[in-house]
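What follows is one structure encoded as structure tokens, with my remarks underneath.
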Amino acid sequence: MRRLPAAVTLVTCRQDEKYHGLTATAVTSLSVEPPSLLTCVNREASAHRAILESRSFCVNVLPHDKVELARLFASRKPEDRARRFTSDKWIELATGAPVLDDAIVAFDCTLDQAIVYASHSILIGQVQDIRVGDAHKHLMYLEGEFADLALTGTLRR
Ligand SMILES: Cc1cc2nc3c(=O)[nH]c(=O)nc-3n(C[C@H](O)[C@H](O)[C@H](O)COP(=O)(O)O)c2cc1C
């Protein structure tokens, strides 16, 4: 799977006035009508239950300069978990899930379906609101490393 490059996102939610989140690369668009996407979240992730109970989540696509934030949301250390929402600007859209102000794009979703598959849940979200940021250089993950993706070469049309 390391050879499958992926955009790095933060999947976040708010439950009982508390923010939760995780770093996720298992994210894909689904349908246009209704606008939807899915993400696969480990059922042991601390945010998993909060997403199921709040019935909402936001997918924040990270710019290249948010590697430390991606590491923070992937760390299982309690002290790192406590720092996740302390250093950046977060706003709220339709569902109340935290939206990273610096995200390249953020999709604010209501949870439509949760399908358990082995260790993970496939979470299908219907997009309620979208926020498009200014950044264009994506943070990627491949070969077990974080990397930048900037459109430098010719687009193959
Ligand atoms: C680059 C990267 C991608 C990840 N993608 C996913 C993912 O798609 N789904 C998932 O459940 N965990 C994924 N993880 C792991 C979680 O981010 C992490 O294990 C966990 O949720 C940490 O948070 P917690 O201790 O609060 O549960 C990824 C980790 C990294 C470093």
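This table checks each residue for (1) more than 14 Å from residue 24 (Cα to Cα); (2) surrounded by fewer than 17 Cβ atoms within 10 Å (Cβ to Cβ).
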site	(1), (2)
61	no, no
104	yes, no
111	yes, no
117	yes, yes
143	yes, yes
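Is one or more of the residues making up the stretch 48-58 under 20 Å from residue 30 (Cα atoms), within 14 Å of the ligand (Cβ to nearest atom) and touching a Cys at 6+ places or on another chain (Cβ under 7 Å)?
The answer is yes; a qualifying residue exists.
Sort out which residues of the stretch 83-93 are open to solvent by 70 Å² or more (accessible area, probe 1.4 Å), touching a residue at least 12 places away in the same chain (Cβ under 8 Å) and assigned to a loop (DSSP other than H, G, I, E, B), and write them in order of number.
87, 89, listed by residue number.
Yes or no: the stretch 5-14 includes at least one residue that is over 24 Å from residue 79 (Cβ atoms), β-branched (Val, Ile, Thr) and open to solvent by less than 20 Å² (accessible area, probe 1.4 Å).
no
Just give me the residues in the stretch 114-141 being more than 17 Å from the chain's Cα centre (by Cα) and either part of a strand (DSSP E or B) or in contact (Cβ under 8 Å) with a residue 40 or more places away in the chain (or both), in sequence order.
If the condition is that a residue be more than 17 Å from the chain's Cα centre (by Cα) and either part of a strand (DSSP E or B) or in contact (Cβ under 8 Å) with a residue 40 or more places away in the chain (or both), then 115, 116, 117, 119 are the ones that fit.
The values are calculated or read from the model by the stated rules, or taken from the named source; none is laboratory data. All values reported here derive from a predicted model rather than from experimental measurement. Cβ sites come from the backbone with ideal geometry, for glycine too, and all protein chains shown count toward neighbours. These accessible areas exclude ligands, DNA and RNA; they are computed on the full protein's heavy atoms, side chains included. Shrake-Rupley method; radii C 1.70, N 1.55, O 1.52, S 1.80 Å.
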